[in-house]
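Enquirer: Structure incoming, see below.
The values are calculated or read from the model by the stated rules, or taken from the named source; none is laboratory data. Since the structure is predicted, the reported quantities are computational estimates derived from the model, not experimental observations. Positions of Cβ are generated from backbone atoms using ideal geometry, with glycine treated the same way; all protein chains shown enter the neighbour counts. Please note that ligands, DNA and RNA were not included when accessible areas were found on the heavy atoms of the full protein model with its side chains. Shrake-Rupley method; radii C 1.70, N 1.55, O 1.52, S 1.80 Å.
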Amino acid sequence: MTGFVDKWDELIDWKKRWASEGDFFVQQLKDRGVEKVLDTATGTGFHSVRLLEEGFETVSADGSAEMLAKAFSNGQSYGGHILRVVQADWRYLSRDVHGTYDAIICLGNSFTHLFSERDRRKALAEFYAMLKHDGVLILDQRNYDALLDGKYGNSHTYYYCGEEVSAEPDQVDEGLARFRYRFPDQSQYYLNMFPLRQDYVRRLMREVGFQRVDTYGDFQETYQDDEADFFIHIAEKG
Ligand code: SAM
């Protein structure tokens, strides 16, 4: 995994990725008057650094100490930011992270890493508990419905991969989506993910208490279900 992370970070140009994402997340947060954000899936720091650049008070959590170390040094390189990092598993978030937040983000297709429904419910309940009464959760996921239903064309590229990294489904069924990532130096890595169906995630969000869940396809409010590569759920607590 370390090799994968380093390669990924080397090749994915943050400035290009910021450009391809536009100001969708930032605008969603600003429209709601958000000040304090908890990034629960910091990874190598892409979203945390963007939020700091935009002036949000940001706490950066991740289950992996190694990722947080990388994020911390990326923060220093991109704009001299000092990230406030906390190692925390989503399932026990409130034990390790203090306070409540206007917004919680879980981005970069991260929620797919939980393989049991119990863990998914637990994580969402922790996110819910750590939000202020009018707080918002923003969580994205790859469009697994298209993949599971055989509607995933070959032309799809991971929206921030650029031309250089290819991500192809290797094996897909209702319990597992395994992707093969190929890098320009011919190296390849396999990653296992849980294939989340869009409506299933929306249902779990409502079941843990979120009052309203809006889903966007590739950052658009109107989208064709089988054409979007990514879904972004915006779940409101109050
Ligand atoms: N948001 C970043 C991005 O888009 O570049 C990073 C996303 S990375 C695909 C997923 C991150 O989720 C990893 O850094 C991993 O350590 C973290 N993660 C996975 N399961 C977790 C869990 N149960 N608790 C906390 N972090 C977890």
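Enquirer: Given D31, D13, which one is away from the ligand (no atom under 13 Å from the Cβ) and open to solvent by 30 Å² or more (accessible area, probe 1.4 Å)?
Expert: Details: D13 fails: away from the ligand (no atom under 13 Å from the Cβ).
Of the residues listed, the single one that is away from the ligand (no atom under 13 Å from the Cβ) and open to solvent by 30 Å² or more (accessible area, probe 1.4 Å) is D31.
Enquirer: Now, a different point. At least 2 residues that are on the phi < 0 side of the Ramachandran plot and exposed (fewer than 14 other Cβ atoms within 10 Å of the Cβ) in each: list the strands (runs of 3 or more DSSP E) lying fully within the stretch 157-238 that qualify.
Expert: It comes to 166-173, 188-193, 212-217.
Enquirer: Moving on to the next point. When you check K151 against the structure, is it in a loop (DSSP other than H, G, I, E, B) and either open to solvent by less than 60 Å² (accessible area, probe 1.4 Å) or away from the ligand (no atom under 12 Å from the Cβ) (or both), yes or no?
Expert: Yes, satisfied.
Enquirer: If you check T44 against the conditions, is it near the ligand (Cβ under 9 Å from one of its atoms), assigned to a loop (DSSP other than H, G, I, E, B) and open to solvent by less than 50 Å² (accessible area, probe 1.4 Å)? Step through it out loud before you land on a result.
Expert: Values: near the ligand (Cβ under 9 Å from one of its atoms): yes; assigned to a loop (DSSP other than H, G, I, E, B): yes; open to solvent by less than 50 Å² (accessible area, probe 1.4 Å): yes.
Taking the combined requirement at face value, the residue satisfies it.
Enquirer: Let me ask something else about it. Identify, by number, the condition in (1) open to solvent by less than 50 Å² (accessible area, probe 1.4 Å); (2) out of contact with any Ser or Thr (no Cβ under 7 Å at 6 or more places or on another chain); (3) within 13 Å of the ligand (Cβ to nearest atom) that F24 doesn't meet.
Expert: It is condition (3) that F24 fails.
Enquirer: Please go through the stretch 109-126 and pick out each residue that is within 12 Å of the ligand (Cβ to nearest atom) and touching a residue at least 40 places away in the same chain (Cβ under 8 Å).
Expert: Once the filter is applied, which keeps residues that are within 12 Å of the ligand (Cβ to nearest atom) and touching a residue at least 40 places away in the same chain (Cβ under 8 Å), the stretch 109-126 yields N109, S110, F111, T112, H113, L114, F115, R120, L124.
Enquirer: Could you count how many residues in the stretch 60-74 are more than 13 Å from the ligand (Cβ to nearest atom) and buried (at least 23 other Cβ atoms within 10 Å of the Cβ)?
Expert: 0
Enquirer: Report, by residue number, each residue of the stretch 75-108 that is without any contact (Cβ under 8 Å) to a residue 60 or more places away in the chain, within 10 Å of the ligand (Cβ to nearest atom) and either surrounded by 21 or more Cβ atoms within 10 Å (Cβ to Cβ) or within 30 Å of G217 (Cα to Cα) (or both).
Expert: A88, D89, W90, R91, Y92, L93
Enquirer: From the set of residues in the stretch 109-137 that are outside any helix (DSSP H, G or I) and in contact with a Gly (Cβ under 6 Å, 6 or more places away or on another chain), which is most open to solvent (accessible area, probe 1.4 Å)?
Expert: My answer is H133.
So that you can scan it fast, the table gives a plain yes or no per residue for (1) over 17 Å from the mean Cα position of the chain (by Cα); (2) of a type in the set (K, R):
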{"residue": "F4", "(1), (2)": "yes, no"}
{"residue": "F24", "(1), (2)": "no, no"}
{"residue": "T58", "(1), (2)": "no, no"}
{"residue": "A69", "(1), (2)": "yes, no"}
{"residue": "A88", "(1), (2)": "no, no"}
{"residue": "R95", "(1), (2)": "yes, yes"}
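Enquirer: Something else about it: What are the pairs with Cβ atoms under 7 angstrom where one residue, in the stretch 193-209, is more than 17 Å from A129 (Cα to Cα) and at pLDDT 95 or above and the other, located anywhere, is assigned to a helix (DSSP H, G or I) and among the acidic types (D, E)? Sequence gap at least six, or different chains.
Expert: Listed pairs, sorted by first residue: R197/D145; Q198/D145.
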